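Single-structure report; data block below.
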Amino acid sequence: MRDLNQWKERLTKDLEPLLALKDPRPRISAYDNLPFAIFVYPPEHEFGLNEEAGRLATRLGNTGKRVTTVSLAERLWTALEREGYVIDELAKAERDSGWDAMATTLHDILRRTQPLEKLVAEQLPGDAKPERDIVLITRAGSLFPFYRTSALLENLHGLVGVPTVLFYPGTLEGPSGLRFMGTLDPEHNYRPRIF
C-alpha cells in the first residue's frame with residue numbers, strides 16, 4: 001500500500017499534469033469509453049482535499065479547461081428534497097425507525113427513485129467536450145455507510161463522456177482493492193485508473 005499521506009503530492013505531480021493535457025482520456029483510463037479515474041485519499045483529510053480540489057479546478061481553468069465540480073453531499077440533498085424530505089423529518093424518522101432503516105431508505109433513494117449517476121450527470125454542461133471539460137466528483141464520504149461508490153462510475157458510463165475524477169476517501173489494498181472510508185471490505189471491481 002502506498003503512503004496515502006502523500007496525497008497532495010500525488011494530486012499535483014501525478015493527476016494534475018494528465019488532466020491538463022489536450023485530451024487526458026487515454027492517460028487517465030485504459031478504456032476508451034470509460035474516461036474515469038479515482039483519486040484515493042485518507043478519509044480524515046476530507047476537508048483538506050476539498051480545498052485542494054478547488055485549487056486544482058482553478059489551476060486547470062487557467063490552462064483553458066472548464067472544470068465542473070460535483071459534490072455528492074449536495075447531490076444527496078437534492079435527491080432528498082426531490083423526494084419531499086426535510087431535515088426535521090429525516091431526524092424524526094431516524095429516531096423512530098433507527099439508523100439501519102434510515103440507511104436503507106437513503107440507499108434506495110440513490111439507487112432507485114433518484115439514481116445518483118443521473119443526479120451527477122445533470123450537473124454537466126450540455127455542450128461538454130472531452131478536450132475541454134473535466135469533472136471532479138467530491139464529498140463521497142457523505143454517502144458513508146449507506147451508499148458505496150463502487151458502482152457510481154460504472155453507472156456513469158454512457159452518461160458522462162468527459163474526463164472525470166472521483167475523489168475517494170479510503171485506503172488502497174493491492175493494485176485495485178479500495179476500502180471505502182478505510183473500514184468497509186475492499187471492493188476489487190474498479191476498472192478506472194486509481195491514483
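Tallying residues that are under 14 Å from V160 (Cα atoms) and outside any strand (DSSP E or B) within the range 32-47 yields 4.
Do we find that R132 is touching a Phe, Trp or Tyr at 6+ places or on another chain (Cβ under 6 Å) and among the charged types (D, E, K, R) in this structure? Can you show your working first?
Values: touching a Phe, Trp or Tyr at 6+ places or on another chain (Cβ under 6 Å): no; among the charged types (D, E, K, R): yes.
Judged against the criteria, R132 is not a match.
Of R179, R112, R148, R139, all but one fail to be touching a Ser or Thr at 6+ places or on another chain (Cβ under 6 Å) and farther than 20 Å from A53 by Cα; the exception is R179. Output yes when any residue across the range 61-72 is assigned to a helix (DSSP H, G or I), out of contact with any strand residue (DSSP E or B) (no Cβ under 8 Å at 6 or more places or on another chain) and more than 21 Å from Y168 (Cβ to Cβ), and no when none is. So far as the range 61-72 goes, yes, one or more of its residues are assigned to a helix (DSSP H, G or I), out of contact with any strand residue (DSSP E or B) (no Cβ under 8 Å at 6 or more places or on another chain) and more than 21 Å from Y168 (Cβ to Cβ). A Cβ distance below 9 Å, combined with a sequence gap of six or more or placement on separate chains, defines the contacts here; from the range 98-114, residues that are at negative phi reach residues that are modelled with pLDDT of 90 or more and not in a helix (DSSP H, G or I) in the pairs I109/E83; T113/E83; Q114/E83.
Mind telling me which of the residues T104, T78 ends up being over 22 Å from V160 (Cβ atoms), among the hydroxyl-bearing types (S, T, Y) and assigned to a helix (DSSP H, G or I)? Can you show your working first?
Working: T78 fails: over 22 Å from V160 (Cβ atoms).
Residue meeting the stated conditions: T104.
Total residues in the range 68-97 satisfying the condition of being of a type in the set (A, V, I, L, M), surrounded by fewer than 18 Cβ atoms within 10 Å (Cβ to Cβ) and in contact (Cβ under 8 Å) with a residue 12 or more places away in the chain: the figure is 3. One residue stands out among those in the range 31-67 that are over 18 Å from the mean Cα position of the chain (by Cα) and of a type in the set (S, T, Y): the one that is surrounded by the most Cβ atoms within 10 Å (Cβ to Cβ), which is Y31.
Restricting the range 108-120 to residues that are crowded, with 18+ Cβ neighbours inside 10 Å and assigned to a helix (DSSP H, G or I) leaves a set whose member that is farthest from the chain's Cα centre (by Cα) is I109.
Among the residues of the range 57-65, none qualifies, meaning not one is over 30 Å from K13 (Cβ atoms), without any contact (Cβ under 8 Å) to a residue 60 or more places away in the chain and of a type in the set (V, I, T). A search for C-beta distances below 8 Å between a residue of the range 1-25 that is polar (S, T, N, Q) and any residue that is at pLDDT below 90 and part of a helix (DSSP H, G or I), counting only pairs 6+ apart in sequence or on different chains, returns nothing.
Looking only at residues in the range 163-186 that are of a type in the set (F, W, Y) and out of contact with any Gly (no Cβ under 7 Å at 6 or more places or on another chain), the one that is modelled with the lowest pLDDT is Y168. Find all pairs meeting these conditions: Cβ atoms under 7 angstrom apart; at least six residues apart or on different chains; first residue within the range 124-151 and in a loop (DSSP other than H, G, I, E, B); second residue of a type in the set (D, E). What qualifies is P125/D133; P130/D23; E131/D23; R148/E187.
Condition (residue is over 19 Å from E117 (Cβ atoms), over 18 Å from the mean Cα position of the chain (by Cα), exposed (fewer than 13 other Cβ atoms within 10 Å of the Cβ) and among the hydrophobic types (A, V, I, L, M, F, W, C)) applied to the range 17-30: is it met by at least one residue? Yes, because at least one residue in the range 17-30 is over 19 Å from E117 (Cβ atoms), over 18 Å from the mean Cα position of the chain (by Cα), exposed (fewer than 13 other Cβ atoms within 10 Å of the Cβ) and among the hydrophobic types (A, V, I, L, M, F, W, C).
The values are calculated or read from the model by the stated rules, or taken from the named source; none is laboratory data. Since we're looking at a predicted model, the values are computed, not measured. Every residue, glycine as well, gets a Cβ built from its backbone with ideal geometry; the counts of neighbours run over all protein chains shown.
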